Amino acid sequence: MCFFIFIGNLTHIEFVNKLLVLLLNSSNKTFFTSVILSQFISNVPTAILIAHFTSNWKEVLLGVNIGGLG
């Protein structure tokens, strides 16, 4: 539950917001960003975090699933 609260608060930080917009501007970057973030944050909160910043849902799903295995 703390991960979901953390993700909600994280999206309100301007630096994080701008960084995610910059990182998620293409499908390749979306995939690799979701893989890397899934290593530090759990899969579902990472998917929720990234979903606010991109419409590349296939890359998000693949990235968080692969990132969760590592």
Legend entry - Residues that are of a type in the set (A, V, I, L, M, F, W, C), over 15 Å from S55 (Cβ atoms) and in a helix (DSSP H, G or I), drawn from segment 24-43: F32, V35, I36, L37, F40
Inset, instruction - Sort out which residues of segment 44-60 are surrounded by 20 or more Cβ atoms within 10 Å (Cβ to Cβ) and of a type in the set (S, T, N, Q), and write them in order of number. - result: T46, T54, N56
Legend entry - Test: G63 is within 11 Å of the chain's Cα centre (by Cα) and surrounded by 12 or more Cβ atoms within 10 Å (Cβ to Cβ): yes
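Out of curiosity, is V21 surrounded by 13 or more Cβ atoms within 10 Å (Cβ to Cβ), in a helix (DSSP H, G or I) and within 12 Å of the chain's Cα centre (by Cα)?
Values: surrounded by 13 or more Cβ atoms within 10 Å (Cβ to Cβ): no; in a helix (DSSP H, G or I): yes; within 12 Å of the chain's Cα centre (by Cα): yes.
Taking the combined requirement at face value, the residue does not satisfy it.
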Legend entry - Identity of the residue in segment 55-66, at pLDDT 90 or above and not hydrophobic (A, V, I, L, M, F, W, C), that ends up farthest from V21 (Cα to Cα): N65
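The values are calculated or read from the model by the stated rules, or taken from the named source; none is laboratory data. Keep in mind that this is a model prediction, so the values were computed, not measured. As a convention, Cβ positions derive from the backbone with ideal geometry for all residues, glycine included, and neighbour counts pool all protein chains shown.
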